[in-house]
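Colleague: Got a structure here, written out as structure tokens. Questions coming.
Derivation of every value follows stated rules applied to the coordinates shown; laboratory data play no part. Just so it is clear, the model here is predicted, and its values are computed rather than measured.
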Amino acid sequence: EPEVTQTPSHQVTQMGQEVILRCVPISNHLYFYWYRQILGQKVEFLVSFYNNEISEKSEIFDDQFSVERPDGSNFTLKIRSTKLEDSAMYFCASSELPRLAGFGANVLTFGAGSRLTVL
Amino acid sequence: DQQVKQNSPSLSVQEGRISILNCDYTNSMFDYFLWYKKYPAEGPTFLISISSIKDKNEDGRFTVFLNKSAKHLSLHIVPSQPGDSAVYFCAASANTGNQFYFGTGTSLTVIP
């Protein structure tokens, strides 16, 4: 069964360092997302991406965050200068179609997550 | 801003009995709801969905009920099995965008 893969599974970094989290979405999916979950809290939307540009982003996704699709398969999330509060599990997800395409067409398939620990 | 709430952080049920997981939402624009299941060290896995044009959707042992007037939905699992032990997330979206809003999850333990 097709799956979303994420690397690394766990990254420990010092505050102020740059971090890049990588994702390989399902090959025929066109819409890509990053979500995060701080320990014990809800899963929060960060950003959605389609056709090589951001389609939606949340208030969390400030100037410290960026996403890109550097080639035909990878989708990356970069945090330029990590803060302690960036410590979380980051989930990449992809969908074949967007939510706006209608019901049932846009179920998100999630990766296993990348745990980021900022010291 | 908690638009989707799962007020029970945990639930324990005997094997073979019914598990009922609840979810409340505040945004009346939400019209599409999903349940995800999450095992430790894995990402959330899609379980079942319901649109606002329905009040019930069934898939095998899993049934989701939607009460739009109460802004409440529930997931019923019957009969519950030990393999159902996981964290269950409710998620909702509106047709104004692609974002899904998630609850904080309910950890279900099915006791053999």
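Colleague: Relative contact order (percent) for the range B:48-112, with alpha-carbon contacts under 8 angstrom and 6 or more residues of separation?
Modeller: Values: 93 pairs, mean separation 14.8, N = 65.
So the answer I get is 23 percent.
Colleague: If you take all C-alpha pairs in the protein assembly as shown, what percent of them are over 24 Å apart?
Modeller: Everything past 24 Å amounts to 44 percent.
Colleague: From the Cα gyration tensor of chain B, with a ≥ b ≥ c the square roots of its eigenvalues, which class applies: rounded if a/c is under 1.5, or else prolate if a/b is larger than b/c, or else oblate?
Modeller: It is prolate, given that a/c is not under 1.5 and a/b is the larger ratio.
Colleague: Taking chain A as a Gaussian network, Cα atoms linked when under 10 Å apart, which of A:Thr109, A:Thr76, A:Thr13 shows the biggest mean-square fluctuation?
Modeller: A:Thr13
Colleague: Distance between the C-alpha centers of the range A:40-119 and the range B:7-66? Whole Å please.
Modeller: What the calculation gives is 23 Å, centre to centre.
Colleague: Test of understanding: in a Gaussian network model of chain B with alpha carbons linked when under 10 Å, which of B:Asn98, B:Asn57, B:Asn67 would top the mean-square fluctuation ranking?
Modeller: Largest GNM mean-square fluctuation: B:Asn98.
Colleague: Return the single residue from B:Leu34, B:Leu66, B:Leu47 with maximal mean-square fluctuation; model: Gaussian network over chain B, springs between Cα atoms under 10 Å.
Modeller: Judging by the Gaussian network model, the answer is B:Leu47.
Colleague: Once you sort the root eigenvalues of the Cα gyration tensor of the range A:1-108 as a ≥ b ≥ c, which label holds: rounded (a/c under 1.5), prolate (a/b larger than b/c) or oblate (the other case)?
Modeller: Working: a/c = 1.73, a/b = 1.58, b/c = 1.09.
Because a/c hits 1.5 or more and a/b exceeds b/c, the range A:1-108 counts as prolate.
Colleague: Which whole-number percent gives the relative contact order of chain A, counting Cα pairs below 8 Å spaced six or more residues apart? Walk me through the intermediate numbers first.
Modeller: Details: 287 pairs, mean separation 44.2, N = 119.
Contact order relative to length: 37 percent.
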